[in-house]
Amino acid sequence: MLKTGNTTYKAAFRIALATGFLLLLPLLAMQFTNEVVWDLADFIVAGVLLFGTGLTYKLAAIQVGNIVYRSAVGLALTAAFILIWVNGAVGIIGSENNDANLMYGGALAIGIIGAIIVRFQPHGMARAMFATALAQMLVPVIALIIWPPQVISWGAAGVFGVFVLNAFFVMLWVGSALLFRNAARE
């Protein structure tokens, strides 16, 4: 048991080092261009997001030897990471300050709560990821009903672009669900 714990600490240390290295990239970019402007809060949020995603994946990989299950977890975490990153940085619907973007937190909550309810079992995880995909797909539909295009800004890409970006995330969630379904068969 001590060896497993020691391995976990080593993995967490490696993830922390990788996170620190990745955070050096925007810090370095800030020295050469005015296009990258991060403050302390940006570095903290990015660090927590990177470290948390990496650690969550590592903990899942330690618990399950099934490569298909680990791939499903990796894809789901990638989808969640990109969704949080894009939504927090520039927003999906209009800008990051648009209230409609808060609904994406509900889509993530469905996935997280669903995973907890099914106790991370592959068959249940497939259902949770399909539910997350459905919630992701409904966000721009609900936003369009509540806030028509003439009421809020849908950003440079417009309504069509928002639906295309959401389709990308839906494909990631569905891909994860299909991998979990395959992991349940093994």
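Estimated from the Cβ-Cβ distance and a Förster radius of 35 angstrom, the FRET efficiency linking residue 157 and residue 56 is about 0.70. Sorted on the mean count of surrounding Cβ atoms within 10 Å across their residues, most packed first, peptides 71-83, 99-111 read 71-83, 99-111. Where the accessible area of segment 1-152 is counted over protein heavy atoms with a 1.4 Å probe, how much of it, in %, is carbon and sulfur? About 71 percent, which is the carbon plus sulfur part of the accessible surface.
Positive-end ranking of 144, 33, 84 along the dipole of the chain, with charges on Cβ about the Cα centre, is headed by 84.
Projected over every direction and averaged, the convex hull enclosing the alpha-carbon atoms of segment 8-94 yields 6.8 nm². Over segment 1-153, what relative contact order in percent results from Cα pairs under 8 Å that are six or more residues apart? Worked out over segment 1-153, it gives 15 percent.
Within the chain, helices built from complete DSSP H runs that reach 27 Å or longer along their own axis (Cα positions) and carry a mean Kyte-Doolittle hydropathy of 1.0 or higher are 40-63, 67-89, 122-146, 158-185. Inter-label distance, residue 117 to residue 33: 4.4 nm, where each label sits 7 Å from its Cα along the C-beta direction. Computed from the coordinates I sent, Cα extents along the principal axes in Å equals one of (i) 73, 52, 36; (ii) 52, 34, 29; (iii) 59, 46, 20. Tell me the label. Label (iii) holds the value from this structure.
Placing one equal scatterer on every Cα of segment 82-123 and applying the Debye formula, the log10 ratio I(q)/I(0) at q = 0.20, 0.25 Å⁻¹ is -0.62, -0.77. Solvent exposure of segment 79-184 amounts to 51 Å² per residue of accessible area, where only protein heavy atoms count and the probe is 1.4 Å.
The values are calculated or read from the model by the stated rules, or taken from the named source; none is laboratory data. Small disclaimer: the values here were computed from a predicted structure and weren't measured. For neighbour counting, all protein chains shown are included, and Cβ atoms are generated from backbone atoms with ideal geometry for every residue, glycine included. Side chains included, ligands, DNA and RNA excluded: accessible areas come from the protein's heavy atoms. Shrake-Rupley method; radii C 1.70, N 1.55, O 1.52, S 1.80 Å.
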